[in-house]
1. Enumerate the pairs (first residue in the stretch 72-94 and closer than 13 Å to residue 132 by Cα; second residue anywhere and assigned to a strand (DSSP E or B) and at pLDDT 95 or above) with beta-carbon separation below 9 Å, excluding pairs fewer than 6 apart on the same chain, so at least 6 apart or on different chains.
2. Quick check, is residue 15 at pLDDT 85 or above and not aliphatic (A, V, I, L, M)?
3. Output the qualifying pairs, or none if there are none: Cβ atoms under 9 angstrom, residues six or more apart or on different chains, first residue in the stretch 163-180 and charged (D, E, K, R), second residue not in a strand (DSSP E or B).
4. Within the stretch 163-182, can one find any residue that is crowded, with 16+ Cβ neighbours inside 10 Å and touching an Asp or Glu at 6+ places or on another chain (Cβ under 6 Å)?
5. Got a sec? Which of 131, 126, 107, 67 is of a type outside the set (Asp, Glu), within 16 Å of residue 35 (Cβ to Cβ) and touching a residue at least 40 places away in the same chain (Cβ under 8 Å)?
6. What are the residues in the stretch 96-145 that are out of contact with any Leu (no Cβ under 6 Å at 6 or more places or on another chain), surrounded by 18 or more Cβ atoms within 10 Å (Cβ to Cβ), at pLDDT 90 or above and not in a helix (DSSP H, G or I), if any?
7. Could you please find all residues in the stretch 110-129 being of a type in the set (S, T, N, Q) and under 17 Å from the mean Cα position of the chain (by Cα)?
8. Looking at the stretch 38-95, which of the residues that are within 22 Å of residue 139 (Cβ to Cβ) and among the polar types (S, T, N, Q) is nearest to the chain's Cα centre (by Cα)?
Amino acid sequence: MRGANPTRWSLFMIKGGVGGGNTQVGLAFESRVSLLSVFSRTQGFTVKGDSVFHNGKKVAVSLGKNKIYQFLGERGVDYKTVLSKKLLPDEALYVHGQHKIFIVEIKFQETPGSVDEKLQTCDFKKQQYIKLFGQLDIEVEYIYILNEWFKKPEYRDVLEYISQVGCHYYFHTLPLDMLGLSSGK
């Protein structure tokens, strides 16, 4: 990353979780990063509890893991009547102005393993989230944050598949404009 760019998050994946001295807008991590932590370090954004504010205005709320089901329940949706099994995303962000929820899965590898197959489940999981949030007329986006491991040629087909089924992936970075939260909004 070259300098701090307020329209992108940099998610630095560093073995051992130790960041470099020049890291300006980002968070060093081993297996996952809190989106709230990244927001709190991004110019123009503040975090209070699970809420994200941009220039003092509440723009989003973090709904990772079980918080999704609390959010749904408060709006009259009982997930048990919609899904046969609860899904627990790494991170989820509901952006008020977009009336959209972003499911963010952070995957990194250093050796071949089960994450390889997990990447192929994005379409099924996105459809499950669409069933859940469709009752509230909330749009769903499904996003992977990946490390360099997945830039290997043997992942070309799965990365193409992720895009073909309407899911997204980024390496180390999640653009704020993808979330509708670029500095101009």
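The values are calculated or read from the model by the stated rules, or taken from the named source; none is laboratory data. None of the values given here were measured: they were computed from a predicted structure. So basically every Cβ, Gly included, is an ideal-geometry build from the backbone, and we count neighbours across all protein chains shown.
1. 87/103
2. Details: at pLDDT 85 or above: no; not aliphatic (A, V, I, L, M): yes.
The answer is no for residue 15.
3. From the stretch 163-180, the pairs are 177/7; 177/183; 177/184; 177/185.
4. Checked against the condition, which is being crowded, with 16+ Cβ neighbours inside 10 Å and touching an Asp or Glu at 6+ places or on another chain (Cβ under 6 Å), the stretch 163-182 yields no hits at all.
5. That would be 107, the only listed residue that is of a type outside the set (Asp, Glu), within 16 Å of residue 35 (Cβ to Cβ) and touching a residue at least 40 places away in the same chain (Cβ under 8 Å).
6. Once the filter is applied, which keeps residues that are out of contact with any Leu (no Cβ under 6 Å at 6 or more places or on another chain), surrounded by 18 or more Cβ atoms within 10 Å (Cβ to Cβ), at pLDDT 90 or above and not in a helix (DSSP H, G or I), the stretch 96-145 yields 101, 103, 104, 105, 138, 140, 141, 142, 143, 144.
7. Across the stretch 110-129, the qualifying residues are 120, 121, 127, 128.
8. Top of the filtered list is 62.
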